[in-house]
Amino acid sequence: MTTEQSGTTGRRSGAEPGPDGGAAAQDRPDEKEAAEAPSSGKAEATGKADAGPRAGKADAEPGAGTPDEAAGKKAEARDEAAGEKAESGDKAATGTAGDEPADPWSAFGPAPEPVLGRARRAVRAAGRFLVHEWTLAAVAALALAAAMTWPTLRYPRHTLPQDYWDPSLQAWQMAWSGHILRTDPAMLWHANTFYPENWSFAFSDTLLGYAPAGLIGVGPEHAVLRYNIMFVLAHALAAFGAYALARQLGAGRIGGAVAGASFAYAPWLLAQAGHLHILSNGGIPLALAMLARGHGWSLRYGYRPRRRHAGWAFAGWLVAAWQLSLGFGIGLPFAYMLAGTGVVAMVLWFVRRRRVRRPFGRRLFLADVFGGLAFAAVGAALAVPYFKVAELHPNAERTLGDIGLYSPPVSGFFTAPAESRVWGGLHEGARAVLPWHPEMTLLPGFALYALAAGGLFFSVWRVRHRIFLLAGVLVTMALAMGTRFFGGRFTYVPLFDYLPGWSGLRTPGRMMLWTTLLLGLLAAGAVTAFCMRVRELAAERVPPWPGPWLRLATLLPLALVLVEGLNATPQPVVPRQPAAMRTVDGPMLVLPSSQNLDQPVMLWSTDRFQPMVNGGSGFTPRSQARIREATVSFPDYASVDYLRQIGVKNVVVLRDELDGTPWEGLLDRPVDTPGVTREQAGDAVVFRL
């Protein structure tokens, strides 16, 4: 690291220090070219002509002799310069130096750079790309994600992380979006589940941004494989996005790595292993990093207008829109955060516009306008189906009572979920006293707490920035407590009452996502300052670079964060698809039916996507509840008549799932209803109505 710093200093004298003590990595090439091009051009234009005046000035300094002697020396210097200039002109005109032998010392001069062919230029460009910081960061994030989520990729076609209920639902969501985009995009929101309801795809977060992945593969096995791959990639993007944000704000490489690892592998996220829409959060820090880069702003160096880049700003808005398309569960708070940040930025621009020359360029203004409009358009288009669902299904609306059920106490911030390999067993007693521990174990990591606390006193961030980060941590923690923080009267309840869409969020503990990100930035500031101090100590050594123990000391914070993120997540085998699901047409009903039992059934329908009554989401439509109630006595005349009236043609009964359900003993009943036939299909029994 010391070598890198000294090399950077040699290239750019007086350059602004970067996060690791050198120049900012993303701005070095452009600034180097801008700094070297004018100076080299001037040197070529003036040549040795400047040497004459400088020499004359030196000769005229006190102690150079009498005025006459000085004048004589000036004349001699002018004559010599003129002779050398004439000689060089003759050589340039003739191309040779006559019969005189070449100066033997010229062999020690720099050789001209070879002219590279197209192939060699391509190889050199590829080499620069492969060793670029962002390429290495992306590769490291992917490798780390595969290791930290193991054994997700051990049997990726047959197992799902944590359980096979919500992951089955989300695997179906990605498969449905890809299928309907290939066949009939206009029917996107009217999925094959929850028959005969419309807008059923909007009954829960949709993961619509993963639709391109859904275009590849057909059937349950491919759906499970797709889910596991996206599960790992979501962790990689979260780590990479937080790393990019920390680096853009001014943290060093190791500090950025700590921020990325703590954001992606916080212990509380292990309880969300079955909720891919919560784990798919990497677009948030990545969009913020791009927007900050586009606006030439960093936490460490402030606003630098010359580093603005409209393209990065526009790309940041597009990434934010993509993040919103993954679901409103975490996308809605992100949208409101962007709106609030935009208002604050406009106020600051209005106040400071007279003190800063050209504080906002035209291209950047247009990028923000069109990017913001694209983000708003995506949000509005996605919100329409959800408002329609809220209109048709009033029971889908959350109440403050529902929020209270999922609001964690203060102890939740220090309690790890059962899926934590380090703390899971030790915190079993603490989890037992929580009303709903899967959403209330919110420990971001004790190592992260310690590093963030150290960052309040020892950091590369300014004191006021540390205070702002601390305030953000406290505010988001209060929001995460929902109605547990003084009844939520001054925190969560006003948002619930007045912000559109906020009443659809039932789990306030997921605001811990923002707490974790802010704690990671505080920790990154402390780790960066520590690494800089290590380099200062190493500079006093001979040779001047850190020894092995100092290098290991800089990596210790990263190791502690990763150790706390180790998982003990179960990987259950997905139930096999019944053969009847590949042959029976819809509309159909699969019995027994319940919230959890219906989610694997949704996954099994990914071969043909036939219409089906079954479906699982965050709420139960009244029509589905009535169908379940009416079919408890199936196959009697009343239940069959009811199913025929709503258009159901076939009923598939899963023999092995009946025990302990309201439909237990169904297969022992006689079939007396006219027109109903019964046939065996493997482990299932099919009733054709």
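Details
- Test result for Trp312, more than 15 Å from the chain's Cα centre (by Cα) and either at pLDDT 95 or above or not in a helix (DSSP H, G or I) (or both): yes
- Only one of Ala339, Ala345, Ala376, Ala292 that is open to solvent by less than 40 Å² (accessible area, probe 1.4 Å) and not charged (D, E, K, R): Ala292
Yes or no, residue by residue, for (1) modelled with pLDDT of 60 or more; (2) surrounded by fewer than 11 Cβ atoms within 10 Å (Cβ to Cβ); (3) within 30 Å of Gln162 (Cα to Cα):
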site	(1), (2), (3)
Gly89	no, yes, no
Asp99	no, yes, no
Pro104	yes, yes, no
Ala107	no, yes, no
Ala122	yes, no, no
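- Filter pass, Gln173 being touching a residue at least 12 places away in the same chain (Cβ under 8 Å), within 23 Å of Phe619 (Cα to Cα) and assigned to a loop (DSSP other than H, G, I, E, B): no
- Among the residues of the range 268-289, the one identified as in a loop (DSSP other than H, G, I, E, B), open to solvent by less than 10 Å² (accessible area, probe 1.4 Å) and not small (Gly, Ala, Ser) is Asn281.
Quick grid of which residues meet (1) exposed (fewer than 14 other Cβ atoms within 10 Å of the Cβ); (2) over 19 Å from Met148 (Cβ atoms); (3) at pLDDT 85 or above:
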site: Leu522; (1), (2), (3): no, yes, yes
site: Ala529; (1), (2), (3): no, yes, yes
site: Val534; (1), (2), (3): no, yes, yes
site: Glu540; (1), (2), (3): yes, yes, no
site: Gly547; (1), (2), (3): yes, yes, no
site: Leu550; (1), (2), (3): no, yes, no
site: Thr554; (1), (2), (3): no, yes, yes
site: Leu558; (1), (2), (3): no, no, yes
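- Close contacts from the range 116-135, counting a first residue that is free of Cβ contacts under 8 Å to residues at least 40 places away in the same chain and under 30 Å from Ala257 (Cβ atoms) and a second that is aromatic (Phe, Trp, Tyr) and surrounded by 11 or more Cβ atoms within 10 Å (Cβ to Cβ), with Cβ to Cβ under 7 Å and a gap of 6+ residues or different chains, come to none at all.
- Residue in the range 470-493 that is most open to solvent (accessible area, probe 1.4 Å), counting only those that are outside any helix (DSSP H, G or I) and aromatic (Phe, Trp, Tyr): Phe490
- Any hit, the range 154-165, residues being among the hydrophobic types (A, V, I, L, M, F, W, C) and over 29 Å from Ala202 (Cα atoms): no
- Those residues of the range 447-469 which are among the aliphatic types (A, V, I, L, M) and outside any loop (DSSP other than H, G, I, E, B), in sequence order: Ala447, Leu448, Ala450, Leu451, Ala452, Ala453, Val463, Ile467, Leu469
- Residue among Phe387, Phe360 that is assigned to a helix (DSSP H, G or I) and either open to solvent by 70 Å² or more (accessible area, probe 1.4 Å) or modelled with pLDDT of 95 or more (or both): Phe387
- Qualifying residue in the range 454-467 (condition: under 22 Å from Gly509 (Cα atoms), open to solvent by 30 Å² or more (accessible area, probe 1.4 Å) and among the aliphatic types (A, V, I, L, M)): no
- Test: residue in the range 509-519 that is over 23 Å from the mean Cα position of the chain (by Cα), of a type outside the set (Val, Ile, Thr), modelled with pLDDT of 95 or more and buried (at least 18 other Cβ atoms within 10 Å of the Cβ): no
- Filter pass, His235 being of a type outside the set (Phe, Trp, Tyr), in contact with a Phe, Trp or Tyr (Cβ under 8 Å, 6 or more places away or on another chain) and open to solvent by 10 Å² or more (accessible area, probe 1.4 Å): yes
- Test: residue in the range 494-506 that is on the phi < 0 side of the Ramachandran plot, among the hydroxyl-bearing types (Ser, Thr, Tyr) and buried (at least 23 other Cβ atoms within 10 Å of the Cβ): no
- Qualifying residue in the range 526-539 (condition: over 26 Å from Ala450 (Cβ atoms), assigned to a loop (DSSP other than H, G, I, E, B) and out of contact with any strand residue (DSSP E or B) (no Cβ under 8 Å at 6 or more places or on another chain)): no
- Residue check, Gly329 surrounded by fewer than 23 Cβ atoms within 10 Å (Cβ to Cβ) and not in a strand (DSSP E or B): yes
- Checking Ala430 against (1) surrounded by 17 or more Cβ atoms within 10 Å (Cβ to Cβ); (2) closer than 22 Å to Gln248 by Cβ, the condition it does not meet: (2)
- Residue list for the range 591-622, filter: charged (D, E, K, R) and in contact with a His (Cβ under 9 Å, 6 or more places away or on another chain): Arg622
- Residues of the range 143-177 that are among the hydrophobic types (A, V, I, L, M, F, W, C) and either open to solvent by 20 Å² or more (accessible area, probe 1.4 Å) or touching a His at 6+ places or on another chain (Cβ under 7 Å) (or both): Ala143, Leu144, Ala145, Ala146, Ala147, Met148, Trp150, Leu153, Trp165.
- Candidate set: the range 433-482, residues that are in contact with a Ser or Thr (Cβ under 7 Å, 6 or more places away or on another chain) and among the polar types (S, T, N, Q); chosen: the one nearest to Thr528 (Cα to Cα): Thr476
The values are calculated or read from the model by the stated rules, or taken from the named source; none is laboratory data. Since the structure is predicted, the reported quantities are computational estimates derived from the model, not experimental observations. As a convention, Cβ positions derive from the backbone with ideal geometry for all residues, glycine included, and neighbour counts pool all protein chains shown. Heads up: the accessible areas ignore ligands, DNA and RNA and are worked out on the full protein's heavy atoms, side chains in. Shrake-Rupley method; radii C 1.70, N 1.55, O 1.52, S 1.80 Å.
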